[in-house]
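The values are calculated or read from the model by the stated rules, or taken from the named source; none is laboratory data. In this text the structure is predicted, and so the values were computed from the model without any measurement. Cβ sites come from the backbone with ideal geometry, for glycine too, and all protein chains shown count toward neighbours.
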Amino acid sequence: MSPIDSLAGSRGVEAKEGERGFSLVESLLATAASALLFSLFLGVFDQVQTTVTNLTRLMERDRNLILAPVLLGGWILGTGNREWDRDGDGILIQSGILQLESDLDGKDGFPDGRVEGNFEILSLRCRTDHLQLKSGAGSFHSVLKQIRQWEILMEGRLLNLRLTGAVSPNLMHWKGDGETVETIHYTLRNYRPNLFPPRDG
Amino acid sequence: MDEPRKSASEAGLALLAALLTTALVATLVWTLSVQNLTQWRLLQGVEARLYSMVLAQNGIEFARGLLPLVDVDELLSGPDGSFSGTDLPEWRNPLPFSSARRLDPESWTPDRDDGLPARSRDQLLPNGYPDPGGGRFYLRFSNNPEEPAHQDRDGVVLVRSMGVAPLKLRSPFLASTRNSVTLIESRLLQETAFRLRSALTLAGGSGDFQWTGTQFLLDGGHREPAVRFLSLGGDGLQNDFLHTLDPAHADRIRGAGPEPSLLDSTVAYREDPRYRSLFQAAFWRHFQEQLPNLSSASGIVHLPEGGLLPAAASGVLVARGDLVLQGDVQFRGILLHLGGGGVTLRDRAQIVGGLWLSNLSVDGETIRGGPLRLHLSDLARVRYDADAIRSGLRNFPPTQLGWRLLFPEMKL
């Protein structure tokens, strides 16, 4: 019996067949292999995470651009189109702010409407990658993210909006700025030309 | 005894771990599902809202196209011919707001037919207009508040269009909101100033009229005069006309009343809300400015330089300069000649409907009338025909006086 065996035997523990512990070299090799695998896993995980984050940001940008016409349509068609016996278009474009006026004549316009004053004035602008909305004399608040800029152009009865959607913050490990452009056209139906004028009196 | 105890303890720990893992995964799945469902519902709500708005707008366009084709009084009473009154709440709406939100379009029928889209006593949209996308719009016309609810005099009507879009995602907790509903009201004017009521209507201050032969004919029929005069920018028009007639022409100008059948309608038209605008500078300025933009789109033929009418035509013809109808050519409808020359009818040329002659210029709020020129010869005829005039009027698009969104909080 070797001294080691006798030492083991003295503690009443005997290594059975197949239950022998790892040697130091084996342990070191296993640790090194584990570290390598772990670092590889971290690398892959980082790649996957970057890709997922980029995809999420791009999808969010696209979703906002898809949602923008729907939301803008509701505001523009629903508020800017209320005109009563006047030629004014009810739309004001100034310094990148689109102002939509409604029910310009207040209670005189529609006597049965219980409207005491101008029903609504909505203002829209684009600031710090956000599309912002202001109602009446209130303050602007953000309604859509990732809209970097917008251009407004009125051509007769056609209101053209050109929205530039951008990824914010920027895409990771990507040189492009992730910008894409959406152009929307709204026909302001109420401001159609009429062959005959409204009757006077 | 140690082995089974140890095994049971390990099994319990594994079960606990499995339960915790399952709970964690279930919570994660539930949270994500609720989040997605909420976002989807919000998006559906926005989409349905916009869809219902577009449907309601399409309803207004439908009404705009329909209005020139129908008799407004018949429309207000509905196909049954009797007006049900204004006592019902929301009587101007196609259906009450609250009902529309819960509406099942397949099972809905209107409770009264007043103002529903109809033509020749036939309902056009008995169950609303079904859109392929699953939504519908419903329409109801009503008279403007300034007039009796069942009788139109001024040509102004209100039309309310209700767009109803089903919400695709419904919840048992929100049973009352089956649909998204948008209600739009438009105030439309069907202009009647050119509803001519004679074979020839002369509007101006003076004129130069030539009659060649004794075979031409100005025929007002049994009810209307052959010629109506409207003094605009002068009062010598009727005298100029009478001076050119000799006794042999008297029976060639026939209609209601003694021959020659002539009637000065200046005072009557000035007081009639349907014709009052003919005496307003703003009316003529606007009409002449807008005519070139709208003539081709609305089916109105515009000949700014006049010329020879090459073939038979119908509807509305607006001309300036020298206009000639000759040979067998026939025009059916409303022929408006606005000056800058004259109108010549010769051979067997014929106008069935009505001929309007004016030569007006607008200076600020003042209307100035230039001389009118008309030459009839041979077998040329101008014959008043109410149906032809009605057909012609259908080419005039309604004027939109107002447009608004209505909400349930408003007095409906």
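In the set (1) modelled with pLDDT under 85; (2) among the aliphatic types (A, V, I, L, M); (3) assigned to a helix (DSSP H, G or I), the condition left unmet by A:Val13 is number (3). Set side by side, the residues B:Thr214, B:Thr244 differ, and just one is in contact with a helix residue (DSSP H, G or I) (Cβ under 6 Å, 6 or more places away or on another chain), away from chain A (no Cβ under 14 Å) and touching a residue at least 12 places away in the same chain (Cβ under 8 Å), which is B:Thr214.
For region B:290-303, the set of residues classified as at the interface with another protein chain (Cβ under 9 Å from one of its Cβ atoms) and assigned to a helix (DSSP H, G or I) consists of B:Gln290, B:Leu291, B:Asn293, B:Leu294, B:Ser295, B:Ser298, listed by residue number.
Just to be sure, is B:Arg285 surrounded by 15 or more Cβ atoms within 10 Å (Cβ to Cβ), at the interface with another protein chain (Cβ under 9 Å from one of its Cβ atoms) and over 27 Å from B:Gly220 (Cβ atoms)? Answer is yes for this residue. Taken as a whole, the structure places B:Asp80 among residues that are surrounded by fewer than 16 Cβ atoms within 10 Å (Cβ to Cβ) and either of a type outside the set (Val, Ile, Thr) or at pLDDT below 85 (or both). Candidates A:Leu37, A:Leu29: the one that is surrounded by 10 or more Cβ atoms within 10 Å (Cβ to Cβ), within 30 Å of A:Leu171 (Cα to Cα) and modelled with pLDDT of 70 or more is A:Leu37. For B:Gly353, the conditions (1) within 17 Å of B:His337 (Cβ to Cβ); (2) within 14 Å of another protein chain (Cβ to nearest Cβ); (3) of a type in the set (Gly, Ala, Ser); (4) in a strand (DSSP E or B) are fulfilled apart from (2). Out of the residues in region B:255-282 that are in contact with a Gly (Cβ under 7 Å, 6 or more places away or on another chain) and farther than 30 Å from B:Glu147 by Cβ, which is surrounded by the fewest Cβ atoms within 10 Å (Cβ to Cβ)? For region B:255-282, the residue satisfying everything is B:Ser261.
For region B:47-73, a residue qualifies if it is within 9 Å of chain A (Cβ to nearest Cβ) and surrounded by fewer than 16 Cβ atoms within 10 Å (Cβ to Cβ), and exactly one does: B:Glu61.
Residue by residue, here is whether (1) within 22 Å of the chain's Cα centre (by Cα); (2) more than 14 Å from chain A (Cβ to nearest Cβ); (3) surrounded by 19 or more Cβ atoms within 10 Å (Cβ to Cβ) holds:
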position: B:His375; (1), (2), (3): no, yes, no
position: B:Arg381; (1), (2), (3): no, yes, yes
position: B:Arg390; (1), (2), (3): yes, yes, no
position: B:Leu393; (1), (2), (3): yes, no, yes
position: B:Gln400; (1), (2), (3): yes, no, yes
position: B:Trp403; (1), (2), (3): yes, no, yes
position: B:Pro408; (1), (2), (3): no, no, no
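Of the conditions (1) in contact with a His (Cβ under 8 Å, 6 or more places away or on another chain); (2) at pLDDT 90 or above, B:Ser296 fails just one. Which one is it? It is condition (2) that B:Ser296 fails.
Can you confirm whether region B:164-177 contains a residue that is within 13 Å of chain A (Cβ to nearest Cβ) and either buried (at least 18 other Cβ atoms within 10 Å of the Cβ) or touching a Pro at 6+ places or on another chain (Cβ under 7 Å) (or both)? Don't jump to the end; show me each part of the working.
Of region B:164-177, the ones within 13 Å of chain A (Cβ to nearest Cβ) are B:165.
Within this subset, residues satisfying the condition of being either buried (at least 18 other Cβ atoms within 10 Å of the Cβ) or touching a Pro at 6+ places or on another chain (Cβ under 7 Å) (or both) are B:165.
Scanning region B:164-177 turns up at least one residue that is within 13 Å of chain A (Cβ to nearest Cβ) and either buried (at least 18 other Cβ atoms within 10 Å of the Cβ) or touching a Pro at 6+ places or on another chain (Cβ under 7 Å) (or both).
Among the residues here, B:Gly341 does not qualify as buried (at least 18 other Cβ atoms within 10 Å of the Cβ) and touching a strand residue (DSSP E or B) at 6+ places or on another chain (Cβ under 6 Å).
Does B:Arg348 qualify as being charged (D, E, K, R), outside any strand (DSSP E or B) and either within 14 Å of chain A (Cβ to nearest Cβ) or farther than 30 Å from B:Gly155 by Cα (or both)? So B:Arg348 passes the test.
Please go through region B:1-38 and give me each residue that is polar (S, T, N, Q) and modelled with pLDDT under 75, ordered by number.
B:Ser7, B:Ser9
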